[in-house]
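Asker: One structure follows; several queries about it will come next.
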Amino acid sequence: MADVVAKERRILVAVDEGEQSMHALSWCLSNVISENSKDSILLLYVKPPPAVYTTLDGTGYLFSSDIMAAMDRYGYDVAQSVLEKAKRMCKDLHDVKVESIVEQGDPRDVICQMTQRLGVDVLVMGSRGYGLIKSFLIDWCTASCYFSNSKAPRLINHESHEILPHESGLLERTF
């Protein structure tokens, strides 16, 4: 019998400050990544587009270059913090290469562009956690980009809640 060599997969995981994206990453590590694989995980953080401020806002405050630089540093620090947290979650993966990418722009557009540009095999992202109707209406519009513009399979992970019996009553568990 010939040995079957598994293809190296490139898995793009969109991460942000929300717990849904970290839950999606955790789910990906448990369900998509296989042991002893040569997969690559690409952690993508998308910084929001820079806000456009006039030198004088409506309240009469001036935005100096120092304030703008401080806001840029804060955005950079947030991105690094999120990516470090995501990398710590991946620390036990021995054969999996983990890369982090920071881009700037509208996350809907950037995620689609990066999926195509990087030629990823799987896109993993968390759901925003809206209710059923709002989720359907908003996520459908957003997802149309992912489903129509990318050839890679998409995994949108929704947190589910399960009520489990417990000695002292009911216990709610989040997956």
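The values are calculated or read from the model by the stated rules, or taken from the named source; none is laboratory data. What you see is a predicted model, and the numbers here were worked out from it, not measured in a lab. Cβ placement follows ideal geometry from the backbone for every residue including glycine, while neighbour counts extend to all protein chains displayed.
Asker: Considering only residues of region 81-126 that are under 24 Å from S34 (Cβ atoms) and of a type in the set (G, A, S), which is farthest from the chain's Cα centre (by Cα)?
Answerer: Selected residue: G119.
Asker: Only one of these is assigned to a helix (DSSP H, G or I) and without any contact (Cβ under 8 Å) to a residue 40 or more places away in the chain: D92, D109. Name it.
Answerer: Only one candidate qualifies: D109.
Asker: From D77, D3, which residue is among the charged types (D, E, K, R), at pLDDT below 75, surrounded by fewer than 18 Cβ atoms within 10 Å (Cβ to Cβ) and out of contact with any Pro (no Cβ under 6 Å at 6 or more places or on another chain)?
Answerer: Selected residue: D3, the only one of D77, D3 that is among the charged types (D, E, K, R), at pLDDT below 75, surrounded by fewer than 18 Cβ atoms within 10 Å (Cβ to Cβ) and out of contact with any Pro (no Cβ under 6 Å at 6 or more places or on another chain).
Asker: For region 90-112, name all the residues that are buried (at least 17 other Cβ atoms within 10 Å of the Cβ) and modelled with pLDDT under 95.
Answerer: Across region 90-112, the qualifying residues are C90, V96, V98, P107, V110, I111, C112.
Asker: Scan L118, L83, L93 and give me the residue that is in contact with a Lys or Arg (Cβ under 7 Å, 6 or more places away or on another chain) and not β-branched (V, I, T).
Answerer: One residue alone meets the criteria, L118.
Asker: Still on this structure, please answer the following. So L164 ticks every box in (1) hydrophobic (A, V, I, L, M, F, W, C); (2) modelled with pLDDT of 90 or more; (3) touching a Lys or Arg at 6+ places or on another chain (Cβ under 6 Å) but one. Which box is left unticked?
Answerer: Evaluating L164 over (1) hydrophobic (A, V, I, L, M, F, W, C); (2) modelled with pLDDT of 90 or more; (3) touching a Lys or Arg at 6+ places or on another chain (Cβ under 6 Å) leaves (2) as the failure.
Asker: Among the residues of region 18-37, what is the count of those that are in a helix (DSSP H, G or I) and either free of Cβ contacts under 8 Å to residues at least 12 places away in the same chain or over 9 Å from the mean Cα position of the chain (by Cα) (or both)?
Answerer: Residues flagged as in a helix (DSSP H, G or I) and either free of Cβ contacts under 8 Å to residues at least 12 places away in the same chain or over 9 Å from the mean Cα position of the chain (by Cα) (or both) within region 18-37 amount to 8.
Asker: Being at pLDDT below 90 and in contact with a strand residue (DSSP E or B) (Cβ under 8 Å, 6 or more places away or on another chain) is the filter here, so list the residues in region 6-18 that pass it.
Answerer: Within region 6-18, E8, R9, G18 qualify.
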